[in-house]
1. Can you list the residues, at least 5 places off or on another chain, whose amide H is less than 5 Å from the amide H of residue 118, using H built in the peptide plane?
2. May I ask for the net charge around residue 148, where only other residues with Cβ less than 10 Å from the Cβ of residue 148 are counted and Lys, Arg are +1 while Asp, Glu are -1?
3. What residues qualify as long-range amide H neighbours of residue 197, i.e. H under 5 Å apart, gap of 5 or more or another chain, H built at 1.01 Å from N?
4. Can you tell me how much longer the chain between residue 53 and residue 221 gets when fully stretched, taken as 0.36 nm per residue apart minus their C-alpha distance, in nm with one decimal?
5. With an 8 Å cut-off on Cα pairs and a minimum separation of 6 or more residues, tell me the relative contact order of the range 77-184 in percent.
6. Taking θ as phi - 60°, what are the ³J(HN,Hα) couplings along the range 140-154 by the Karplus curve (6.51, -1.76, 1.60), each to the nearest whole Hz, with x for Gly and Pro?
7. For the range 77-184, give the magnitude of the charge dipole about the Cα centre (Cβ charges: +1 Lys/Arg, -1 Asp/Glu; no others), in debye to the nearest 20.
8. Count charges around residue 175 for me, please; just the other residues with Cβ under 12 Å from its Cβ, Lys/Arg as +1, Asp/Glu as -1.
Amino acid sequence: MKKRTYSIRFKITTYAILCFFLFLGLVIAIASTLYATSISSLIDEQIINTSRQVVSNYEYYFNNAIEVTNAIQIKVQNIDVLEEKSAVQEYFDDIQDMKGEIISIALYDEKGDLIVSNSGYVSAEENVYENDSYQNAISEPMINIFSAVGYENDRYAFTLSRYLNYKNEENYCVALIEFDFSKIVRQIYQSDLGENGHIVIFDRNYEVVYSSKPEFIEEDYKATKELVLGSRSVNINNQSFNLYISTIADTSWKVSVFTNNSQVYNSLNLFIALTVATTICLGVIYLIAIYFVIKQVTNPLYKLQNEMNKIKDLNYEAKRSSLAGGSKEIIQLEATFNDLMKRIRDLAGKLVEERDNQRKSELKALQNQINPHFLYNTLDSIIYMIDKGESQKAEQMIVALSKFFRISISRGKNIIPLKDEIEHVRNYLLIQKIRFGDQFNYTINVSSGLEGYYCMKLILQPIVENAIEHGLNDAQSGGRIDIKAYIDGEFIVLEVTDNGYGISSEKLKEIEKSFQDKNIHRGVGLQNVYQRIKIYYGEKGDIKIHSIEDEGTTISILIPKERAKNDDEKK
């Protein structure tokens with residue numbers, strides 16, 4: 001008599017009914033645990049959102065403060081402040097009327113003496129030369145300097161100082177702007193941070209700028225310095241806090257938000273402990289029962305798996321007779337296995353084609369990063385020459401630029417003849433030569449026998465651009481760039497040499513590290529070319545860098561000769 005087979009659905013349903021009542025308690029425990037977990041996640045999310053809102057309020061406040069210094073710089077950069085004091089003072093009064101948080105605005109000269117201020121301004125110091133805010137602005141002229149928050153005259157305040165240029169950058173001064181910080185302090189008090197929850201602001205040296213708690217404690221400092229950025233739970237004075245740290249944009253300050261979560265988590269932890277204990281007991285019973293269920297269901301699957309393990313290549317032929325047995329689903333699975341192998345062969349071919357298309361798309365995406373980079377620089381140079389009245393040079397540069405981009409576009413092709421790539425960089429150097437004059441000279445030497453080879457476009461220009469901008473930067477004359485193209489064994493070598501400053505060993509290691517890690521961003525030059533070479537030419541394609549400080553740098557691009565014989569885009 002033929003043995004009757006049953007479906008997997010029938011077997012699982014039968015055992016599920018028998019086990020249902022045994023595992024009812026376990027289901028309850030799991031539901032309770034999930035509920036407790038969701039509550040914890042909700043609380044954590046609420047705490048972090050509150051912390052982020054506090055930091056956002058800070059950033060909005062300080063962005064407005066920085067906008068004030070930017071506006072003042074624009075106002076005074078093209079005027080003589082000494083001659084137009086009344087106009088500047090009126091401008092300061094208007095800013096003070098619009099920005100209610102501004103207490104005073106004053107400009108001081110290079111000796112620390114007052115130049116001009118808002119109406120009614122009274123300085124506590126006749127000369128501010130020794131003032132920390134003044135000196136910090138002088139020593140760091142590129143950034144806005146924020147002082148610590150002080151409390152005086154029943155209000156919190158801080159000073160923003162900035163180095164400014166005026167009279168067409170012929171002179172400089174320092175702006176000292178005092179801001180009322182009381183509004184932000186009131187918002188802190190209104191934030192729901194729990195019992196003993198507080199906020200501490202540190203400068204870049206971890207000195208306290210402001211603390212909402214009357215007495216700053218050492219544990220706040222230690223917890224902030226250990227975490228640096230992000231969020232985690234900390235224990236301070238036997239109380240559990242959620243610490244959230246963020247950097248305020250455009251400042252060197254860090255905000256540490258301490259939110260008390262002790263009371264919530266004490267009751268939640270007790271509930272979770274009881275639920276876990278119940279779950280463990282029921283889990284032991286469940287595992288013993290489910291073991292037998294799984295064994296009955298999966299034995300046929302193991303037999304079929306053993307058969308599948310015999311596959312060494314895609315030429316495997318499945319047996320006609322059933323080997324695994326078991327439920328009818330398993331028998332049907334085994335019967336269709338042969339068809340599956342055929343489909344795998346077809347899909348494998350399609351996968352190869354899709355990967356090739358993906359590789360080409362990635363190549364185009366990386367390549368497109370370079371074109372705007374050069375276009376902006378060249379257009380700036382053309383505008384500069386037109387402004388100087390050098391129309392003939394500007395016309396020559398425009399002609400060279402049109403030739404440059406005719407090759408860059410190449411009718412949408414990424415692979416072009418090697419001679420076009422050489423011509424492309426020749427036009428680029430012509431443009432830069434017009435721009436920089438006698439600052440540098442260049443040579444291009446191409447060995448015979450390279451006429452029939454192809455390469456990716458836009459791989460030489462970024463390297464030459466780096467040599468000009470970094471290797472020969474600030475050079476008045478005597479700069480030299482030599483470009484060579486020749487065959488070395490199984491490689492075509494494109495070599496760019498400059499006699500510039502060279503690259504330090506530390507920076508060279510950083511550049512080589514950026515080649516292997518895409519998350520390390522070193523600009524759109526070397527890293528971009530390296531990635532495109534690896535995408536298109538594989539492991540054989542490479543970039544080699546040899547540099548000696550104060551002597552120069554040589555960068556060699558290695559292209560496999562076999563891959564350069566044909567234009568793959570014609571296929």
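1. Answer set, sorted by chain and number: 105.
2. Result for the neighbourhood of residue 148: -3.
3. Here 260 satisfy the definition.
4. Gain on stretching residue 53 to residue 221: 58.3 nm.
5. 30 percent
6. Values, residue by residue: 10, x, 8, 10, 7, 10, 9, 7, 5, 7, x, 10, 7, 6, 6 Hz.
7. Charge dipole of the range 77-184: 300 debye, to the nearest 20.
8. 0
Every number in this text was worked out from the coordinates using simple rules, so none of it is lab data. Because the structure is a prediction, the values reported are computed rather than measured. Cβ sites come from the backbone with ideal geometry, for glycine too, and all protein chains shown count toward neighbours.
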